[in-house]
Amino acid sequence: MTSNPQEKQLGMLCHLLALAGYIIPFGNIIGPLIIWQVKKGESSFVDDQGKESVNFQITVTLAAIVAVILCFLLIGFVLLPVIGIADLIFIIIAALKANEGVAYRYPYTLRLIK
């Protein structure tokens, strides 16, 4: 848990920038990746939350790709909105927790970046 307000804000920003993916293709990965890369050396909290956000967004992107492929079997049309809503909910929860200074862990995440 961190008490530095700037670290909390940057940790929250790592999560909230994933919302860019709803506007810009792959913005959900690029936004958190930029903040993480720029600030990871200055704060272990931002380093941790940046990695967590990027890992979750990579997982969401892979799940969305699989769902698009499954649209040929019609089940993808059900999965895509579920993935989008779950992504939005988990982003909001993570941002709120990071703003409290709590290191949030997304469920169902492939932790590709250690």
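The values are calculated or read from the model by the stated rules, or taken from the named source; none is laboratory data. As the structure is a computational prediction, the values presented were derived from the model and not from experiment. Here the Cβ positions follow ideal geometry from the backbone for every residue, glycine too, while neighbour counts run over all protein chains shown. Just so you know, the surface numbers come from the protein's heavy atoms only, side chains and all, with ligands and any DNA or RNA stripped out. Shrake-Rupley method; radii C 1.70, N 1.55, O 1.52, S 1.80 Å.
So, with +1 on the Cβ of K and R and -1 on the Cβ of D and E, and no other charges, what is the size of the charge dipole of the chain about its Cα centre, to the nearest 20 debye?
140 debye
Give me the lysines in straight-line cross-link reach of K40: C-alpha distance below 16 Å, same-chain residues under 8 apart excluded.
K8, K51, K114
Using the heavy atoms of the protein chains and a 1.4 angstrom probe, tell me the accessible area per residue for region 62-114 in square angstrom.
Per residue, region 62-114 has an accessible area of 66 Å².
By a straight-distance test (C-alpha under 18 Å), which aspartates and glutamates pair with K39 as possible cross-link partners, with residues fewer than eight away in the same chain excluded?
E7, D47, D48, E52
Put +1 on the Cβ of every Lys and Arg and -1 on every Asp and Glu Cβ in the chain; which of M12, T109, A98 then has its Cα farthest towards the positive end of the dipole?
Highest projection toward the positive end goes to T109.
For n ≥ 4 DSSP H runs only, could you compute -39500 (n - 2.57) per run for the chain, divide by its residues and tell me the 222 nm figure to the nearest 500?
Here the helix-only value at 222 nm equals -23000 deg cm²/dmol.
Quote the relative contact order of the chain in percent (integer), defining contacts as alpha-carbon pairs under 8 Å separated by 6+ residues.
Relative contact order here is 34 percent.
Leaving ligands, DNA and RNA out of it, report the carbon-plus-sulfur percent of the accessible area of region 12-80 at a 1.4 Å probe.
81 percent
When the chain is modelled as a GNM with alpha-carbon springs shorter than 10 Å, which of Q49, Q37, Q57 fluctuates the most?
Comparing Q49, Q37, Q57 in the GNM, the peak value goes to Q37.
Using a Gaussian network model on the chain with a 10 Å cutoff between Cα atoms, which of L73, L17, L62 fluctuates the most?
Residue with maximal mean-square fluctuation among L73, L17, L62: L73.
Round to the nearest 10 and report in Å² the accessible area of L74, as given by a 1.4 Å probe over the protein chains' heavy atoms.
120 Å²
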